[in-house]
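Beneath this line is the structure, given in structure tokens, with notes to follow.
The values are calculated or read from the model by the stated rules, or taken from the named source; none is laboratory data. Predicted, not measured: the structure shown is a model, and the values here were computed from it. With ideal geometry, Cβ positions are generated from the backbone for all residues, glycine too; neighbour counts draw on all protein chains shown. For the accessible areas, the whole protein counts, side chains as well, though only heavy atoms, and no ligand, DNA or RNA atoms are used. Shrake-Rupley method; radii C 1.70, N 1.55, O 1.52, S 1.80 Å.
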Amino acid sequence: MWGRHREAFSMYKRMPSRDHSTLVDDVEENSALLQNSMDVETTNPSWLLSFPHVVVATISSLLFGYHLGFVVVNEPLESISIDLGFRGNTLAEGLVVSTCLGGAFIGSLFSGWIADSAGRRRAFQLCALPMIIGAATSATTRTLAGMLIGRFLVGTGMGIGPPVASLYLAEVSPASLRGTYGSFIQIATCLGLMGALFIGIPVREIAGWWRICFWVSTVPAGILAFAMIFCAESPHWLYKKGRSAEAEAEFERLLGGSHVKYAMLELSKLDRGDEADTVKLSEVFHGRHFRVVYIGSTLFALQQLSGINAVFYFSSSVFKSAGVPSDVANALIGVANLTGSIVAMLLMDKLGRKLLLLWSFFGMTMSMVLQVAAANSYVSGSGSLYLSVGGMLMFVLTFALGAGPVPGLLLPEIFPNRIRAKAMAFCMSVHWVINFFVGLLFLRLLEQLGPQLLYSIFASVCMMAVIFVKKNVMETKGKSLQEIEIALLPPE
């Protein structure tokens, strides 16, 4: 909590034990002076101050969800293939999808460098720019090549947005609201997915409607680029760059005047000189930072290998076999995802990240068990359909409760400020690589292995995730970034 004093164990290079007590004494003395002379308030900062900045930042997640939804829905792709003359060419259709995912991978790789070099606020604007240009290119093109160029540009923006949004929200949110605000990313992504499905409904009836769908996405992207001019820059990034006065001014905008001195005192515990050095890639993969990067990348890998994207990509066929129209099926998936995301937002700062992750992955395991039961030959036809549809909806709901929103929130919390942007970029790259291969191989594995064995594999991965979270993930609720860092990083 912002209003209570925390331990001062946040130097990125561990100090000898004999120096610890001295440092604690100094900080306690400084804290006492602050209380006596400045009457620092013990209440939490008002959410009204940081809320507008967080909402603007989550527009990037809305765009991410919108374009992801547009990628995975078959109807727009069908209309595009007819209008551009490559209908029936499965390679060309696959390229329209995979080019966007490839662009996202490239964007995520460079997102850390962009966020550290240009700042978090300008990184959002650089995320919006290719989305605007790419969407406009796709909306006006008459050739497959133009569509691929447009999708690649949009993909780069999709790759930059999520890691920068996670960084920004972790660094501008009051500690008491960090979990709640972090859940906004998942909710915005879900709203973007549902928006893509809703706006794409007339695509089968109105010729060229897919062009309108692309033009629509330029509106929130333009709002993001413009509104970021008026948003606060991350005080953590400013302080790391040696711009302490600006960091103090931004804290005042985000937390209120009565909390600025204490926030700066917390920030001053960081070794700014060490932070100013260029982060080498080897630091992310070796030495004292390896464990937190291992935890972060494994969480994203388990998230994708759980089968969630296979469910999103191919749920329509399951519902179709149950006699449910694709529009209704997509709406049901969207409602389940949104409901779980809202519940996660309400519980994130009450139950904590770890508990939500554990129960989420456990619920996903049970959901896949239902899918396995539905694929069993001993289950009757109608019973199999009910189990399959129910298991799929339960899977999406339980995913949205923890496995969906928590990794993007938890990773910026457990990564030290020195490597935070670069480590997030690496973990999001892992996310996109696995996402790509799951989408590429799912149907072939389904044909080769059968649904019963494949869903059993997904269930096993979810159960492995429960064990991994139990053993490796620490609870970050109510802890300062400094407390989290000292608990996770071993001494040099």
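Which numbered condition trips up Leu449, out of (1) out of contact with any helix residue (DSSP H, G or I) (no Cβ under 6 Å at 6 or more places or on another chain); (2) modelled with pLDDT of 85 or more? Going through (1) out of contact with any helix residue (DSSP H, G or I) (no Cβ under 6 Å at 6 or more places or on another chain); (2) modelled with pLDDT of 85 or more one by one, Leu449 breaks only (2). The set of residues from segment 422-450 being within 13 Å of the chain's Cα centre (by Cα), aliphatic (A, V, I, L, M) and closer than 30 Å to Leu267 by Cα comprises Met424, Ala425, Met428.
Yes or no, residue by residue, for (1) of a type outside the set (A, V, I, L, M, F, W, C); (2) buried (at least 24 other Cβ atoms within 10 Å of the Cβ):
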{"residue": "Leu393", "(1), (2)": "no, no"}
{"residue": "Val396", "(1), (2)": "no, yes"}
{"residue": "Gly402", "(1), (2)": "yes, yes"}
{"residue": "Leu409", "(1), (2)": "no, yes"}
{"residue": "Phe415", "(1), (2)": "no, yes"}
{"residue": "Lys422", "(1), (2)": "yes, no"}
{"residue": "Ala425", "(1), (2)": "no, yes"}
{"residue": "Val433", "(1), (2)": "no, no"}
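Checked against the criterion of being crowded, with 18+ Cβ neighbours inside 10 Å and at pLDDT 90 or above, the candidates Ile80, Ile106, Ile114 yield just one match: Ile114. Inspection of segment 462-475 finds a residue satisfying the criterion of being in the same structural domain as Ser341 (by the TED database), in contact (Cβ under 8 Å) with a residue 40 or more places away in the chain and under 26 Å from Val97 (Cβ atoms). If you filter segment 475-486 down to residues that are among the aliphatic types (A, V, I, L, M) and touching a helix residue (DSSP H, G or I) at 6+ places or on another chain (Cβ under 9 Å), you find that the one that is modelled with the highest pLDDT is Ile484. Taking every residue in segment 156-173 that is touching a residue at least 24 places away in the same chain (Cβ under 8 Å) and outside any helix (DSSP H, G or I) and pairing it with any residue that is open to solvent by less than 10 Å² (accessible area, probe 1.4 Å) and of a type in the set (Phe, Trp, Tyr), at least 6 positions away or on another chain, the pairs with Cβ-Cβ distances below 9 Å are Ser173/Tyr181. Any residue in segment 352-359 that is open to solvent by 60 Å² or more (accessible area, probe 1.4 Å), part of a helix (DSSP H, G or I) and of a type in the set (Phe, Trp, Tyr)? Scanning segment 352-359 turns up at least one residue that is open to solvent by 60 Å² or more (accessible area, probe 1.4 Å), part of a helix (DSSP H, G or I) and of a type in the set (Phe, Trp, Tyr). Would you be able to say whether some residue in segment 93-100 is of a type in the set (Ser, Thr, Tyr) and assigned to a helix (DSSP H, G or I)? Within segment 93-100, one or more residues are of a type in the set (Ser, Thr, Tyr) and assigned to a helix (DSSP H, G or I).
Of Arg211, Arg178, Arg204, Arg151, which residue is outside the structural domain of Gly408 (by the TED database) and under 26 Å from Pro412 (Cβ atoms)? Selected residue: Arg178, the only one of Arg211, Arg178, Arg204, Arg151 that is outside the structural domain of Gly408 (by the TED database) and under 26 Å from Pro412 (Cβ atoms).
Among residues of segment 236-251 that are acidic (Asp, Glu) and surrounded by 17 or more Cβ atoms within 10 Å (Cβ to Cβ), those with a beta-carbon under 6 Å from a residue that is assigned to a loop (DSSP other than H, G, I, E, B) and at pLDDT 90 or above at least six positions away or on a different chain give the pairs Glu250/Ala232; Glu250/Glu233.
Just one of (1) in contact with a Leu (Cβ under 9 Å, 6 or more places away or on another chain); (2) modelled with pLDDT under 85; (3) open to solvent by 30 Å² or more (accessible area, probe 1.4 Å) fails for Ile457. It is (2). With the condition kept exactly as written, say whether any residue in segment 352-361 is under 26 Å from Ala331 (Cα atoms) and of a type in the set (Gly, Ala, Ser). Scanning segment 352-361 turns up at least one residue that is under 26 Å from Ala331 (Cα atoms) and of a type in the set (Gly, Ala, Ser). Residues considered: Pro416, Pro412, Pro407. Of these, the only one that is within 25 Å of Ser98 (Cβ to Cβ), assigned by the TED database to the domain that holds Met348 and in contact with a helix residue (DSSP H, G or I) (Cβ under 7 Å, 6 or more places away or on another chain) is Pro407.
Condition check ((1) closer than 22 Å to Cys127 by Cβ; (2) open to solvent by 30 Å² or more (accessible area, probe 1.4 Å); (3) among the charged types (D, E, K, R)) across all residues:
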position: Pro163; (1), (2), (3): yes, no, no
position: Leu169; (1), (2), (3): yes, no, no
position: Leu177; (1), (2), (3): no, yes, no
position: Ala196; (1), (2), (3): yes, no, no
position: Val203; (1), (2), (3): no, no, no
position: Ile206; (1), (2), (3): no, yes, no
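Every test in (1) touching a residue at least 40 places away in the same chain (Cβ under 8 Å); (2) closer than 22 Å to Phe300 by Cα is passed by Gln452 save one, and that test is (2). The set of residues from segment 107-147 being over 24 Å from Arg243 (Cα atoms) and free of Cβ contacts under 8 Å to residues at least 12 places away in the same chain comprises Ala145, Gly146. Is it fair to say Leu197 is modelled with pLDDT under 85 and not in a helix (DSSP H, G or I)? It is false that Leu197 is modelled with pLDDT under 85 and not in a helix (DSSP H, G or I).
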